Amino acid sequence: MRGHFITFEGGEGSGKSTHAATLAQRLKERGIDIVLTREPGGSTGAEIIRHIILSGIAKPLGAETETILFAAARDDHVRTTIRPALTDGKWVICDRFIDSTRVYQGILGQVDGKLIRGLERVTVGAQMPELTFILDVPAAVGLARAKTRRGTGVADRFESESVENHERMRQAFLALAKMEPKRIVVVDGRAPRDVVSERIWAAVRERLLGEKPDEQVNENTVHAVESAAP
Ligand code: Z5A
């Protein structure tokens, strides 16, 4: 038996961690074994690399080196956490994955797509997520939420980027969703928490549990995808 692999993507403060945890809880209540994990990180080696990247000490080495560090973390994470869990029949929910590399390193770092795709082949191979939620919020909203949550703490390597750069990345996530509509579902992250989580739950029920979501929620999901533009 093989589990299912779900990822959450989107900008800073868009609600990925909140909704990954809510979905994990709902699935647990159904008796499903869940591994809730994150990137960069999610395994011993990858958590060490996370610390190096987010501290910003690797930034002077250049965007290509940062991309290779993300890939090294992902390789450890896939080999030691994700693949064994899926093989055991567990469901894996991951806060950020390959789409973050495509957007942050590809757009912000202007790293060659050939390098990004090559590293994806080596680290992920056939272990692609079956379902990806992009939580879409305007960059200013997400950054304000992240700032409130951070309090007096220091912004990390990526949070310190300009609002304009965060907005460019938001558009890049939306462009990815257009290219892969079978895998990626865009959810309007500006909606109240319970509305966002109902939209996510409806998509999981329909796509992975083979259940027919109730009509009201389904209508809302479609509306959310259509209204996720800037
Ligand atoms: N990165 C990369 O460059 N390349 C890669 O390949 C990978 C990652 C994998 C990891 O940062 C950084 O690494 C990331 C990209 C880069 N940096 N950025 N930017 P991280 O793991 O430290 O943080 P993050 O991934 O950006 O997530 P976050 O800031 O923790 O935000 P979030 O998980 O999306 O949001 P949240 O924590 O669930 O919610 C934020 C706050 O908003 C919180 O107080 C919530 O209670 C609140 N919230 C959530 N939902 C709502 C709604 N619906 N309404 C109102 N308030 C809400």
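Computed over neighbours whose Cβ is under 11 Å from that of residue 49, the net charge equals -3, Lys and Arg +1, Asp and Glu -1.
Please report the carbon-and-sulfur percent of the accessible area for region 5-227; probe 1.4 Å, protein heavy atoms only, DNA, RNA and ligands left out.
Values: 5740 of 10600 Å².
The computed percentage sits at 54.
One chain, two ends: residue 144 and residue 121. Fully extended at 0.36 nm per residue, the span grows by 4.7 nm beyond their Cα-Cα distance. Cα centroid distance between region 15-87 and region 155-181, in Å? For region 15-87 versus region 155-181, the Cα centre distance is 18 Å.
When the dipole is taken about the Cα centre of region 5-227, and only Lys, Arg (+1) and Asp, Glu (-1) are charged at their Cβ, what size is it in debye, to the nearest 20? Don't skip to the end; give the middle numbers.
Values: 32 positive and 32 negative charges, 57 e Å.
With only Lys, Arg, Asp and Glu charged at Cβ, the dipole is about 280 debye.
By the gyration tensor of its Cα atoms, with a ≥ b ≥ c the square roots of the eigenvalues, what is the shape of region 17-57: rounded for a/c under 1.5, prolate for a/b over b/c, or oblate? It comes out oblate by the Cα gyration axes. Highest mean packing first, where packing is the average number of other Cβ atoms within 10 Å per residue, the peptides 96-103, 85-92, 191-198, 147-154 line up as 96-103, 85-92, 191-198, 147-154.
The residues of the chain have, on average, 48 Å² of accessible surface per residue, using a 1.4 Å probe with all protein chains present. Counting only heavy atoms of the protein chains and using a 1.4 Å probe, residue 4 has close to 50 Å² of accessible surface. Database remark: amide H of residue 56 closer than 5 angstrom to the amide H of 157 (H placed geometrically; neighbours at sequence offset of 5 or more, or on other chains; Pro and chain starts carry no H). Across the chain, C-alpha contacts under 8 Å between residues 6 or more apart give a mean separation that, scaled by the residue count, equals a relative contact order of 27 percent.
The values are calculated or read from the model by the stated rules, or taken from the named source; none is laboratory data. Bear in mind the structure is a predicted one, so any value in this text is a computation, not a measurement. No Cβ is skipped: glycine too gets one built from the backbone with ideal geometry, and neighbour counts run over all protein chains shown. The accessibility values were calculated without ligands, DNA or RNA, using every heavy atom of the protein model including side chains. Shrake-Rupley method; radii C 1.70, N 1.55, O 1.52, S 1.80 Å.
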